[in-house]
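Mind having a look at this structure? Questions to follow.
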Amino acid sequence: MKKEKIISTVIFVVIFVLFAIFFSKDYLDFQENLFKKSEQEQLVLKEAEEFNVSKIENLENADLKIAPDEKILSNFVEKLDKAEKNIYIEVYMLTEKRITESLKKARNRGVDVKVLLEKSPYKTENINNKVFEELKDAGVNVAWSNEKNYYLNHSKFFVIDDLLIASTGNLTYSTFTVNRDFFFYSSDTKLLQTVKNIFENDFKGKKVDFYHNNLIMSPNYSRVKLEKYLQSATKNIKIYIQYLKDEKINNSLLALKKEKNIDIEIIIDKKNLEDESVEILKNAGIKIKGFDGKTMHSKAILIDEKYLFIGSINFSEFSIDKNREFGVFLKEENLIKNFLEIFEKDFGN
């Protein structure tokens with residue numbers, strides 16, 4: 001028994017020495033990277049905690065288009081067909097045939113085309129499989145989002161040469177022809193570089209965030225920034241959202257109504273009108289209406305008719321705290337005017 005114990009001890013010591021010789025540097029590098037990652041996350045979170053709407057910047061060549069409108073699809077395809085340097089696509093669903101064909105043609109003419117897709121969209125787990133294989137066979141650099149990083153990658157943003165496009169909708173035919181969705185465009189240099197950094201890391205499967213005052217990203221800091229954004233309201237809030245399932249956000253809206261008497265109007269998808277949370281908010285004096293069109297898919301928040309959020313973030317715990325999501329804040333008066341006109345029309349004011 002004593003002999004066996006000695007042998008076991010010797011074996012353990014030998015293994016430990018070998019590990020130290022061959023793997024100690026890798027282990028230390030791994031620990032260092034963990035520390036650096038944590039430090040980066042803390043830095044980004046600190047900046048988010050210091051956010052207020054006065055820090056929202058005007059963006060270069062900003063534009064906003066409202067779906068449904070098939071011209072937006074034609075315009076998107078045209079931009080893909082004219083791309084000379086790069087096309088970066090990060091999107092939850094991609095099924096639109098004209099877009100996939102344009103991506104293949106762009107790759108064939110030497111454009112740097114990278115596509116990042118969600119592998120298992122909720123309740124439609126295989127919807128991206130066909131396009132993924134089609135693009136892969138055509139030589140397009142296509143990848144699945146790293147499942148270890150996020151519950152789902154629900155982002156919808158695209159970089160075509162030096163243009164950023166952020167959408168509330170996916171790259172599906174229904175987005176352009178049926179849904180109420182929004183597409184935001186900008187060639188702002190600083191914003192574009194930040195988004196490229198985000199895409200490159202997401203594409204490589206790295207969980208890294210970069211900060212810009214006009215951006216909001218899930219999961220690491222979107223709740224902090226979204227709460228601060230809502231709390232900035234002094235007069236009114238107008239919201240397009242599919243559903244109202246996040247208890248903390250709902251409580252914030254209730255507090256804003258009760259404590260500051262903020263006029264809050266919300267348009268949701270009509271199939272969610274019977275939710276208990278909707279009844280609670282309505283009973284508190286918050287005005288909620290179902291969208292009269294076919295599908296209400298957008299996620300947008302207008303504060304005091306001065307600041308606008310456009311993005312992929314839904315009012316749910318998964319969307320805010322667990323998914324990869326992407327959104328943009330803007331304050332361009334002409335874009336807000338266009339948004340306000342369509343909201344008033346949809347709400348029936």
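The values are calculated or read from the model by the stated rules, or taken from the named source; none is laboratory data. Computed from a prediction, not measured in an experiment: that's the story for all the values here. When we count neighbours, we look across all protein chains shown, and the Cβ atoms used for this are built from the backbone with ideal geometry, even at glycine.
Of the residues 267, 313, which is crowded, with 20+ Cβ neighbours inside 10 Å, farther than 16 Å from residue 156 by Cα and either in the same structural domain as residue 255 (by TED's automatic domain parsing) or touching a Cys at 6+ places or on another chain (Cβ under 8 Å) (or both)?
Just one listed residue meets the conditions, 267.
Filter segment 176-218 for residues that are surrounded by fewer than 21 Cβ atoms within 10 Å (Cβ to Cβ) and among the small types (Gly, Ala, Ser); which is nearest to residue 239 (Cα to Cα)?
For segment 176-218, the residue satisfying everything is 187.
Which count do you get for residues in segment 227-273 that are free of Cβ contacts under 8 Å to residues at least 60 places away in the same chain, of a type in the set (D, E, K, R) and not in a helix (DSSP H, G or I)?
Matching residues across segment 227-273 total 2.
Considering every residue within segment 24-36, establish whether at least one is at pLDDT 90 or above and closer than 24 Å to residue 190 by Cβ.
Taking every residue of segment 24-36 in turn, none turns out to be at pLDDT 90 or above and closer than 24 Å to residue 190 by Cβ.
How many residues, within segment 291-349, are more than 20 Å from residue 118 (Cα to Cα) and touching a His at 6+ places or on another chain (Cβ under 7 Å)?
Residues that pass the stated criteria total 0.
Now, a different point. Examine segment 78-99 for a residue that is under 16 Å from residue 184 (Cα atoms), in a loop (DSSP other than H, G, I, E, B), over 21 Å from the mean Cα position of the chain (by Cα) and at pLDDT 95 or above, and state whether such a residue exists.
Looking through segment 78-99, none of the residues is under 16 Å from residue 184 (Cα atoms), in a loop (DSSP other than H, G, I, E, B), over 21 Å from the mean Cα position of the chain (by Cα) and at pLDDT 95 or above.
Scanning for something part of a loop (DSSP other than H, G, I, E, B), modelled with pLDDT of 95 or more and not polar (S, T, N, Q), does segment 308-324 turn up at least one residue?
Yes - at least one qualifying residue is present in segment 308-324.
For residue 336, only one of the following conditions fails: (1) without any contact (Cβ under 8 Å) to a residue 60 or more places away in the chain; (2) assigned to a loop (DSSP other than H, G, I, E, B). What is its number?
Tallying (1) without any contact (Cβ under 8 Å) to a residue 60 or more places away in the chain; (2) assigned to a loop (DSSP other than H, G, I, E, B), residue 336 fails exactly one: (2).
While we're looking at this one, here's another question. I'd like to verify a number: residues in segment 278-310 that are surrounded by fewer than 18 Cβ atoms within 10 Å (Cβ to Cβ), of a type in the set (Gly, Ala, Ser) and under 16 Å from residue 249 (Cβ atoms), how many?
Residues in segment 278-310 being surrounded by fewer than 18 Cβ atoms within 10 Å (Cβ to Cβ), of a type in the set (Gly, Ala, Ser) and under 16 Å from residue 249 (Cβ atoms): 1 in total.
Same structure, new question: Name every residue in segment 233-252 that is of a type outside the set (D, E, K, R) and surrounded by fewer than 17 Cβ atoms within 10 Å (Cβ to Cβ), in order of residue number.
234, 236, 251, 252, listed by residue number.
Suppose we filter segment 112-161 for residues that are of a type in the set (D, E, K, R), part of a loop (DSSP other than H, G, I, E, B) and either surrounded by 14 or more Cβ atoms within 10 Å (Cβ to Cβ) or in contact with a strand residue (DSSP E or B) (Cβ under 8 Å, 6 or more places away or on another chain) (or both); how many remain?
3
Taking the options 184, 199, name whichever one is within 24 Å of residue 298 (Cα to Cα), of a type in the set (A, V, I, L, M, F, W, C) and in contact with a helix residue (DSSP H, G or I) (Cβ under 9 Å, 6 or more places away or on another chain).
One residue alone meets the criteria, 184.
Sticking with this one: Give me the residue from segment 274-302 that is among the basic types (Lys, Arg) and assigned to a strand (DSSP E or B) and, out of that set, farthest from residue 173 (Cα to Cα).
287
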